[in-house]
Amino acid sequence: MKKIYITGMIISAICLNSCGDSFLDVAPSDQLSDATFWKSEQDVTMALNACYRGWEGIMNIGLLDAASDNGYEQFNYWFQPIANGQILPTSSTGIATQHPQHDIAATSWFLYSRIRKYNNFLEKADAAEIDAALKERYKAEVRFLRAYDYFYKVMFYGDVPLVDKVLVSAEESTLSRTPKAEVENFILKELGEIANILPQQNVIESGGHITKGAALGLKARFELYLGQYEQAQADAAAVIGMPCYELFPNYEEMFWNTSESSNKETILSVEYTKNDYPNTFPQLTMPATEGGWSALNALWPFIDAFQMANGKYIDEADSEYNPDEPFKNRDPRLTMTVLCPGEFYNGRYYNPLDLFLDGQSDRRNPDYHEEAAASRGGLLVKKYIYPMSVIDANNYDGNAVVMRLAEMYITFAECALKTGKDTDKALGYINAIRRRAGMSEASQLDERLVRYERRIELAFEGLRYFDLKRWDLGPSLLNGWALGSRNGTIDSQTGKVTWSEGHIRLEERIFQPQRNYLLPIPLAEMDRNPNMIQNPGY
């Protein structure tokens, strides 16, 4: 299967993605091309590429943990108000702008333009004269994209209109919200059916196309969230058993573009290409000294969550944790995920704590946490990034990892605790992940270990907010001050940190329990549709 190449020329050639003023805009406004389009394999392939454009984005994946107790994003790319409880029906939420020319604009998870595009493809592709098996595979890929979109809709809004056909009348302005249980069943049914059509391939083999592993992987993820543990364990096991997947040997480099040709761990990714369809995520997240904006920060409680290298939690009496050297002898994934104060990085010791380097007024520090482009909390997330030029950071072709084998290992383990089945195998999966990171093995499978691995291994991959929701941890973990690094000063010659009292305070978060972790229906949709009912608490 050829790699997906999504270019502006392809998109402009197909009138499938016109946008109206409404969030729930589900009727295609341009029907003129249907008489001449949808004839050949080339037509269907072009339309398929159009469906892939904007189905997901690296910022959506990378920044979503900023809505949780893991992180903070300092420029309000629509995740900050979710975390602090200040989101309103007038707020814009969703996949943020990544590049004005090469990616979709800021939008909302409630937007239905993608659903319209998918439905249009599924209805029109049958007219094309192409190989029947290829047509069914392409349709299965688009059905996955539609199910994926509805997955986010139901997770963030609860009841949402379920639209599985092209609407060509005023129906769109009077649609009511479908009970979420019905939408959930639709998603699971679709994923189950298309898994029997899609090929068993990793991302390298598929060229970025949706595969059987992606369908069963998303199904397992959703079943886990729904508490359907036996089904989730079975689907995770099916993905794990596919010989096309294996753990990538280097945890940190797995997320770099240099590893994509050999990374068989990725099950599902968003494909980017230089010049034609790049992303700017590294420029957004790199340190200020490298010309970045330092947008994504880790929080200190996330740092505290990491075990010591000996497998002990820092609150255990014999952990050997030293608060004056908080990053030393920790789970190696700590410094693979977070750029910490005093860490040697790109030829210098990273210093977000001193306005002037070594107290010299002529050496103003661009990484000082109060500088415009510096990390506000001093704990910079470096997943996906490594030192590179600003030019490369603005034209980056690194793919966004949406789903990978390690998630299936952890899903299987969590379900094993619930079902009591194959717990020894589950512990083996957990230890395979830990060994890969250079971490000591665990001797016993328990809930704290599984939740630990889920938080640490999958940090800043867009899952933590949903975990807080299903475990109902918002009242305890999304309340109070969001804390960055401890205060202190750093020797720029040695990297030694001398800590002082207190932490950098980023924002005060107020959890709104009556909202039940749901986002507000956009005000524009409420105004235009008399049958639309707002979520509680807004």
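Here are some notes:
- The set of residues in the stretch 220-232 that are under 15 Å from ALA413 (Cβ atoms) and either surrounded by fewer than 18 Cβ atoms within 10 Å (Cβ to Cβ) or in contact with a Leu (Cβ under 9 Å, 6 or more places away or on another chain) (or both) comprises ARG221, GLU223, TYR229, GLU230, ALA232.
- Among the numbered conditions (1) over 30 Å from ASN257 (Cβ atoms); (2) part of a helix (DSSP H, G or I); (3) modelled with pLDDT of 95 or more, the only one that GLU141 does not meet is (1).
- Pair list, Cβ under 7 Å, 6 or more apart: the stretch 412-430 residue open to solvent by 40 Å² or more (accessible area, probe 1.4 Å), other residue at pLDDT 95 or above and assigned to a loop (DSSP other than H, G, I, E, B): LEU417/LEU445; THR423/LEU445
- Residues satisfying the stated conditions in the stretch 238-258, i.e. more than 21 Å from GLY62 (Cα to Cα), in a helix (DSSP H, G or I) and open to solvent by less than 40 Å² (accessible area, probe 1.4 Å): VAL239, ILE240
Matching residues to (1) open to solvent by 20 Å² or more (accessible area, probe 1.4 Å); (2) assigned to a loop (DSSP other than H, G, I, E, B):
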| site | (1), (2) |
| --- | --- |
| PRO301 | yes, no |
| ILE314 | yes, yes |
| SER319 | no, yes |
| GLU325 | yes, yes |
| MET336 | yes, no |
| GLY342 | no, yes |
| ASP358 | yes, no |
| ALA372 | yes, yes |
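Here's the yes/no breakdown for (1) among the small types (Gly, Ala, Ser); (2) closer than 19 Å to ASP65 by Cβ:
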{"position": "PRO243", "(1), (2)": "no, no"}
{"position": "SER262", "(1), (2)": "yes, no"}
{"position": "GLU271", "(1), (2)": "no, no"}
{"position": "LEU284", "(1), (2)": "no, yes"}
{"position": "GLY291", "(1), (2)": "yes, no"}
{"position": "PHE302", "(1), (2)": "no, yes"}
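- Filtered residues of the stretch 122-148 (kept if aliphatic (A, V, I, L, M) and open to solvent by less than 30 Å² (accessible area, probe 1.4 Å)): LEU122, ALA125, ALA128, ILE130, ALA140, VAL142, LEU145, ALA147
- Among residues of the stretch 476-518, those that are open to solvent by 40 Å² or more (accessible area, probe 1.4 Å), in contact (Cβ under 8 Å) with a residue 12 or more places away in the chain and under 19 Å from ALA66 (Cβ atoms), counted: 9
- Scope the stretch 185-215; condition hydroxyl-bearing (Ser, Thr, Tyr) and not in a helix (DSSP H, G or I); matching residues: THR211
- Restricting attention to the stretch 111-170 and to residues that are free of Cβ contacts under 8 Å to residues at least 40 places away in the same chain and of a type outside the set (D, E, K, R), the residue that is nearest to GLY207 (Cα to Cα) turns out to be ALA133.
- Single unsatisfied condition, VAL168 versus (1) among the aliphatic types (A, V, I, L, M); (2) touching a His at 6+ places or on another chain (Cβ under 9 Å); (3) within 25 Å of ASN529 (Cα to Cα): (2)
The values are calculated or read from the model by the stated rules, or taken from the named source; none is laboratory data. As the structure is a computational prediction, the values presented were derived from the model and not from experiment. Cβ atoms come from the backbone with ideal geometry, glycine included; neighbour counts cover every protein chain shown. What goes into the accessible areas is simple: the full protein's heavy atoms, side chains included, and nothing from ligands, DNA or RNA. Shrake-Rupley method; radii C 1.70, N 1.55, O 1.52, S 1.80 Å.
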